[in-house]
Amino acid sequence: MSQGTMFCCGVSWVGADRAHCCRRTGGCGHVFDDAKLWDRHRRYGRCLDPRSIDLVTTTNGLWLWTLELTDHRAL
Ligand SMILES: [Zn+2]
Ligand SMILES: [Zn+2]
């Protein structure tokens, strides 16, 4: 478990286990909390706007489930 700061293609985030959609490979550059979220924002080889799939962004640019979905998932 690494909590170091990562830098890539103009974005930075904390935690090596985040799922980054790299601009160098044609991605949107967003950083997601986990690989499931990453999967969710990719449809037919294209990036969706994370807001359109009910994700919210933290102040440091990390995309997470909305609170309601987090609660639902925890049940
Ligand atoms: Zn990158
Ligand atoms: Zn993307």
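The values are calculated or read from the model by the stated rules, or taken from the named source; none is laboratory data. If you're wondering where the values come from, they're calculated on a predicted model, not measured in any experiment. Backbone-built Cβ (ideal geometry, glycine too); neighbour counts: all protein chains shown.
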Check your understanding: So which residues in region 1-52 are within 19 Å of LEU67 (Cα to Cα), surrounded by 14 or more Cβ atoms within 10 Å (Cβ to Cβ) and hydrophobic (A, V, I, L, M, F, W, C), if there are any at all?
Key -> VAL31, PHE32, LEU37, TRP38
Check your understanding: Is it the case that region 12-22 has a residue that's assigned to a helix (DSSP H, G or I) and within 9 Å of ligand 2 (Cβ to nearest atom)?
Key -> no
Review point. Can you pull out the residues in region 15-49 that are among the hydrophobic types (A, V, I, L, M, F, W, C), more than 15 Å from ligand 1 (Cβ to nearest atom) and over 11 Å from the mean Cα position of the chain (by Cα)?
Key: LEU48
**Study point:** Meets criteria (more than 16 Å from ligand 1 (Cβ to nearest atom) and modelled with pLDDT of 95 or more) for ASP54
**Key:** no
